[in-house]
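Working notes, structure below.
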Amino acid sequence: MGAFLYGISLQWKLDIRSKTLLITCYIVPLLFFVIMGGIFTSVMPEARYTLIQSMTVFGVTMGALIGLPPSLVEIYGSDIKKVYKANGVSLYLGLALTNISAYIHLFLMSIILYIAAPLIFQAEIPENPGMYFISLAIFIAVSLSIASIIGLAVKDQAKTSMFSIIVFLPSTMLSGIMFPMELLPKAFQTIGKLFPASLGYKLMTESVFKFESLLLFLLIFALAIAMCNILLRRIDK
């Protein structure tokens with residue numbers, strides 16, 4: 001129990017001093033929402049029907065892929081890992097607490113967008129709010145699991161940022177939040193459907209639960225968890 005509380009205390013201190021978390025989970029997504037939300041609804045008035053979903057997909061994808069990996073590198077690529085071991089804290093706890101912390105921040109950011117979009121841009125609230133928030137919860141979890149792989153696999157901060165951007169750009173550009181996926185070449189449409197961003201956007205815009213939309217999500221999540229387990233075992237050696 002003492003090791004668990006120590007892990008929570010350490011993660012809290014890391015979160016407080018983390019500028020990356022503040023920038024990627026709040027400042028940039030909300031700034032993007034204010035600027036692009038105005039552009040989208042001016043150029044394409046019909047964009048207000050999916051504005052909440054599209055802005056949320058961008059914010060969650062950025063917060064997960066750009067914000068989480070550096071936090072993991074800070075733990076597992078530095079002396080903090082030795083501090084964990086010296087105090088009897090499992091390395092798995094570091095990954096779990098970092099993900100929980102990022103999950104809370106991303107969910108809060110998503111709630112801000114959910115409330116602000118109708119007030120600022122007269123965006124339409126999802127037809128089925130319960131279905132929307134369940135889809136959002138799943139989307140955040142899957143996005144963080146992919147981001148965790150990057151954070152555990154790459155030990156250098158600069159390289160981590162590079163890999164994060166390499167995954168982030170196609171995730172957002174091919175997700176359908178900027179323009180309909182039907183306008184993309186068939187090859188790009190196929191590639192885009194493999195990213196959590198496009199799957200999350202599709203899931204959050206549906207008003208009725210469809211198991212086939214969730215199946216690929218669950219498969220990606222299971223594979224990501226297995227990969228994180230393998231990477232943590234290597235780090236622990």
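Every read-out reported here was derived from the displayed coordinates using simple, explicitly stated rules and does not represent laboratory data. These numbers were taken from a predicted model, which means no experiment stands behind them. Neighbour counts run over all protein chains shown; Cβ positions are idealised from the backbone, glycine included.
Compute and list, largest first, the equivalent-ellipsoid semi-axes of region 58-199 from the alpha carbon gyration tensor, each √(5λ) rounded to a whole angstrom. Present the calculation step by step, with values, prior to reporting the outcome.
Numbers: eigenvalues 187, 78, 27 Å².
Computed over region 58-199, the values are 31, 20, 12 Å.
Dipole size in debye (nearest 20) for the chain around its Cα centre, Lys and Arg Cβ +1, Asp and Glu Cβ -1?
Numbers: 16 positive and 11 negative charges, 175 e Å.
The calculated dipole for the chain is roughly 840 debye.
Rounded to the nearest 0.05, what FRET efficiency do Glu127 and Ile35 have when you use their Cβ-Cβ distance and R0 = 30 Å?
Working: r = 27 Å, r/R0 = 0.89.
E(calc), rounded to 0.05, equals 0.65.
Only sites in a loop by DSSP and with at most 10 other Cβ atoms within 10 Å count here; which GluC sites (Glu not before Pro) in region 164-237 make the cut? Mind showing how you got there, number by number?
On the way: sites: Glu182, Glu206, Glu212; in loops: Glu206.
When the GluC sites (Glu not before Pro) of region 164-237 are filtered for loop state and at most 10 Cβ neighbours within 10 Å, nothing remains.
So what is the calculated 222 nm ellipticity per residue for the chain, using -39500 (n - 2.57) for each DSSP H run with n of 4 or more, over all residues, to the nearest 500 deg cm²/dmol?
Calculated from helices alone, the mean residue ellipticity at 222 nm is -25000 deg cm²/dmol.
Would you work out which of Ser90, Gln189, Gly63 lies farthest towards the positive end of the dipole of the chain, given +1 charges on the beta-carbon of Lys and Arg and -1 on that of Asp and Glu, about the Cα centre?
Sorting the options by dipole projection puts first Ser90.
If you split all Cα-Cα distances of the chain into 5 Å bins from zero, what percentages do you get per bin, shortest first?
The calculated distribution, bin by bin, is 1, 7, 14, 18, 19, 16, 11, 7, 4, 2, 1, 0.
Normalised by the number of residues in the chain, what is the relative contact order in percent for Cα pairs under 8 Å and 6+ residues apart? Each step should come with its number before you reach the end.
Values: 284 pairs, mean separation 62.1, N = 237.
Relative CO of the chain lands at 26 percent.
Less than 14 Å Cβ to Cβ from Met55, Lys/Arg counted +1 and Asp/Glu -1: what total charge do the surrounding residues give?
0
Would you mind counting up the charge near Glu182? Only other residues with Cβ under 14 Å from its Cβ, with Lys and Arg at +1 and Asp and Glu at -1.
+3
If you split all Cα-Cα distances of region 125-196 into 10 Å bins from zero, what percentages do you get per bin, shortest first?
17, 37, 35, 10, 1
Nearest 10 degrees is fine. How inclined is helix 211-236 to the longest principal axis of the chain, computing both from alpha carbons?
Taking the Cα atoms of the chain, the angle to 211-236 is about 20 degrees.
Taking neighbour Cβ counts within 10 Å as the exposure measure, how do Val142, Val208, Val73 sort from fewest upward?
The fewest-first ordering by Cβ neighbours comes to Val208, Val73, Val142.
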